[in-house]
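Have a look at the structure below, then the notes.
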Amino acid sequence: MATRWRSLLVTTALIVLLIAAAAAVTSLSGCGGARRGTFYVQGPPNAPAEDISQAVTNVAPAVVRIDTVIGDAGGVLGGLFGSAGGPMERGEASGVIIEGRRGYVLTNAHVTHNARTLRVTLPDGRQFKGDVLGADTVTDIAVLRIKGRNLPEAMLGSSDRLPVGSWVAAVGNPYGLDNTVTAGVLSAKGRTIVGQGNVAVTDLLQTDAPINAGNSGGALIDLRGQVVGMPTAIIPFAKGIGFAVAIDTVKDLIPQLVRTGKVAHAWLGISYGASQPGGPAVIQRVLAGTPAAKAGLRPGDVIAAVGREKVTQPQDVARLLRRAHPGERISMTITRQGKRKTVRVRLAEMPPMK
């Protein structure tokens, strides 16, 4: 009898433990499910390895290696990856298949600049000749086409929605080390760097995920495995500072690159920045004879809005002008010496870079 009672008590205890465990799992699943939907934007102190691993698994099949033979390593940002240039130089870079059915591969314009040949190698070992559909040196974006069947493709996310501090990973082929993954955080957004010919490339993402020569044109991904940027430049003497083209910039320009082979950029003719960190966009210089000069804009004017869109930081100006077209007439609201006024500007097409 005592044995039966002991057995019954043990069974009852086990049932209670199982119910409690099930309740705990259910509770965790409910909370975890809610968190997991936004986990990639939280930037936790220690990104779980399984989350990074899963994210990489989602995108890695579509990250390719691009081998080039080029006349010189030119382009706006070519020198920022330490390339020395010279006749018949061989280069190694990365790319991302963004549309498998059509064989579209995204990479940097400085990767394709003066390229005589482009060979695209998939992680599964397949190789294809790459043909340049279009390239834009101002934003450092290029689209190639390869002819293949059953091509993998990456999912494009949103750089605009990804907060600073979020975990990111860079996937590419640095120094010919294929399928390399490095991790870090999104350090800042809206960065501007000046490349060759004093041409400014704007609205870049900054990350401390290690990127090196060969990562150029690869994928910067969030913890969902979606592409949020394309590594494009480094500061050679710095550590933990790399730059990527924001994927929302890329998505805006891909259709025009594919359709026409180039991007016709609207041009205002000003340089601008923040007078202090986190401050509004202030015009620093107005070039003579440009749309800005003809509209009466002056250095010191604070840009409050472009059209109906408010401007709260300098990168807003680049983003809003990127949506405009040469020849389009836009309104700009500025603050000058404490007084607000609205001016009308007819945008021109950005002149070719020298």
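Rule-based calculations on the coordinates, nothing more; no lab input. These figures come from a predicted structure and were not determined experimentally. FYI the Cβ positions are ideal-geometry reconstructions off the backbone, even for glycines, and counts take in every protein chain you see.
Rounded, prolate or oblate for the stretch 102-234? Axes are the square roots of the Cα gyration tensor eigenvalues, ordered a ≥ b ≥ c, and the cut-off for rounded is a/c under 1.5. Verdict is oblate for the stretch 102-234. Extension gain, Gln284-Thr121: 0.36 nm per intervening residue step, less the Cα-Cα distance, totals 54.2 nm. For the stretch 252-287, the residues whose backbone nitrogen is under 12 Å from a point 7 Å from the Cα of Val343, taken along Cα to Cβ, are 268-271, 283-287. Remark: spin-label model distance Arg161-Ser53 equals 2.7 nm, labels positioned 7 Å along the Cα→Cβ axis. Calculated FRET efficiency, Arg149 to Ile235, Cβ-Cβ distance, R0 = 30 Å: about 0.15 to the nearest 0.05. Comparing Cα centroids, the stretch 239-255 and the stretch 280-327 end up 21 angstrom apart.
Listed by Cβ neighbour count within 10 Å, with the fewest neighbours leading, Ser331, Ser159 appear as Ser331, Ser159. If you take every residue apart from Asn173 with its C-beta less than 11 Å away from the C-beta of Asn173, what net charge results, scoring Lys and Arg +1 and Asp and Glu -1? So the surrounding residues net to -2. With the charge dipole of the stretch 170-319 set up from +1 on Lys and Arg Cβ and -1 on Asp and Glu Cβ about the Cα centre, the Cα lying farthest toward the positive end among the listed residues Leu257, Gln315, Val282 is that of Val282.
Protection proxy ranking for 60-69, 258-267, 335-344, using the average of other Cβ atoms within 10 Å per residue and placing the highest first: 60-69, 258-267, 335-344.
As a rough guide to protection, the peptides 269-282, 212-225, 178-191 ranked by mean Cβ packing within 10 Å, highest first, stand as 212-225, 178-191, 269-282. Across the stretch 110-267, the mean sequence separation of Cα contacts (distance under 8 Å, 6 or more residues apart), normalised by length, yields a relative contact order of 22 percent. What's the extension gain from Gln313 to Arg102 if we count 0.36 nm per residue and subtract their Cα-Cα distance? Length difference between fully extended and current span is 72.2 nm.
Close amide H partners of Ile211, meaning residues 5 or more places away or on another chain with modelled amide H under 5 Å apart, do not exist here. A straight line joining the Cα centroids of the stretch 143-182 and the stretch 87-124 runs 13 Å.
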